[in-house]
1. Name the single residue, out of those in region 201-229 being more than 12 Å from ligand 1 (Cβ to nearest atom) and surrounded by fewer than 19 Cβ atoms within 10 Å (Cβ to Cβ), that is nearest to the chain's Cα centre (by Cα).
2. Tell me, please, whether a residue that is within 16 Å of ligand 2 (Cβ to nearest atom) and either on the phi > 0 side of the Ramachandran plot or hydrophobic (A, V, I, L, M, F, W, C) (or both) can be found in region 161-172.
3. Kindly provide the set of residues from region 160-179 that are within 16 Å of ligand 1 (Cβ to nearest atom) and surrounded by fewer than 24 Cβ atoms within 10 Å (Cβ to Cβ), ordered by number.
4. May I ask you to list pairs of residues, at least six apart or on different chains, whose Cβ atoms are under 7 Å apart, with the first in region 142-169 being in contact (Cβ under 8 Å) with a residue 24 or more places away in the chain and the second being basic (K, R)?
5. Looking only at region 28-53, which residues are of a type in the set (A, V, I, L, M), more than 15 Å from ligand 1 (Cβ to nearest atom) and surrounded by fewer than 22 Cβ atoms within 10 Å (Cβ to Cβ)?
6. Please pick out the residue among V81, V139, V106 that is loosely packed, with under 14 Cβ neighbours inside 10 Å and either without any contact (Cβ under 8 Å) to a residue 24 or more places away in the chain or over 22 Å from M25 (Cα atoms) (or both).
7. Using the structure shown, decide if V83 is at pLDDT below 95, farther than 26 Å from E234 by Cβ and touching a Leu at 6+ places or on another chain (Cβ under 9 Å).
8. Might you let me know whether region 112-135 holds any residue that is touching a helix residue (DSSP H, G or I) at 6+ places or on another chain (Cβ under 7 Å), within 16 Å of ligand 1 (Cβ to nearest atom), farther than 15 Å from P96 by Cα and not charged (D, E, K, R)?
Amino acid sequence: MAKSITVDDLDIYYGDFLAVQGVNMTIKARSVTAFIGPSGCGKSTMLRSLNRMHEVIPGARVEGKVMVDGQSLYDNAVDPVAVRRQIGMVFQRPNPFPTMSIYENVLAGNRLNAKKMKKAEADEIVERSLKGANLWNEVKDRLGKPGMGLSGGQQQRLCIARAIAVEPQVLLMDEPCSALDPISTSAIEDLIHELKSDYTIVIVTHNMQQAARVSDETGFFNLKAAGQPGQLVEFNNTQKMFANPDNESTEAYISGRFG
Ligand SMILES: Nc1ncnc2c1ncn2[C@@H]1O[C@H](COP(=O)(O)OP(=O)(O)OP(=O)(O)O)[C@@H](O)[C@H]1O
Ligand SMILES: [Mg+2]
């Protein structure tokens, strides 16, 4: 299920603008990798290049390689829609589909993939996914009610349920807790801990404590100056990174001296 990702000399462009330059890293399967760094250094761009969401933006492209369990993600033969199914994404703002019920929200990805489903199978997926996202007990008696009727933290867990309903191999999360209160944040962090036994997880966060709590490995991105491309400055074991980073600018960033 879970897959490793190897990034090889990756450059990421928006038209002529080189946003992220020369990234090399290996993201281990069944682990949590955190991306940290100041605003604008390319964390979200990097994340979106890992499931081919980047190229949805007109003019956006990459050079270099991303390998998922040895398969090249940007190969001509690879279908980007299939990639996005295998490599799910959770965004900063919870984005349940406004007109859909909780039940239909969970199944939205499965329906998009045009999988014909019996009611019993659909019920099973909804229950499994909501349980997986730690939301089942709170919503099991109101599955037909609108997803928008949930609290922000519940909506974010609903979006996680929707992402895991299609059984992806990798889960990419872009600041999933930034709009949430500490209790919902803690619930999502617990969930990340549970999910990593089945999934490869990459999380972008501005919260250093969160990166230290949830991740096994951390990548620190930075840019030399405004308008310059973002670069991966250090990629290291999280404990090592926060206790004794190899790079001076990593140290400065995580100790709050800039960024
Ligand atoms: N759709 C876009 N078109 C053109 N440039 C973009 C686009 N999205 C991002 N960029 C540029 O790419 C660079 C990296 O942006 P990105 O959003 O990846 O940064 P980030 O590290 O996620 O920042 P933040 O912490 O604020 O979310 C920035 O210079 C940004 O202006
Ligand atoms: Mg971002």
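1. Ranking the candidates gives D216 first.
2. Yes, region 161-172 contains a residue that is within 16 Å of ligand 2 (Cβ to nearest atom) and either on the phi > 0 side of the Ramachandran plot or hydrophobic (A, V, I, L, M, F, W, C) (or both).
3. Of everything in region 160-179, those that are within 16 Å of ligand 1 (Cβ to nearest atom) and surrounded by fewer than 24 Cβ atoms within 10 Å (Cβ to Cβ) turn out to be D174, E175, S178, A179.
4. V166/R85; P168/R85; Q169/K3
5. Across region 28-53, the qualifying residue is only A29.
6. Checking each option against the conditions leaves just V81.
7. Criteria met by V83.
8. No, because not a single residue in region 112-135 is touching a helix residue (DSSP H, G or I) at 6+ places or on another chain (Cβ under 7 Å), within 16 Å of ligand 1 (Cβ to nearest atom), farther than 15 Å from P96 by Cα and not charged (D, E, K, R).
The values are calculated or read from the model by the stated rules, or taken from the named source; none is laboratory data. These numbers were taken from a predicted model, which means no experiment stands behind them. Note that each Cβ is placed from the backbone with ideal geometry, even for glycine, and that neighbours are counted across all protein chains shown.
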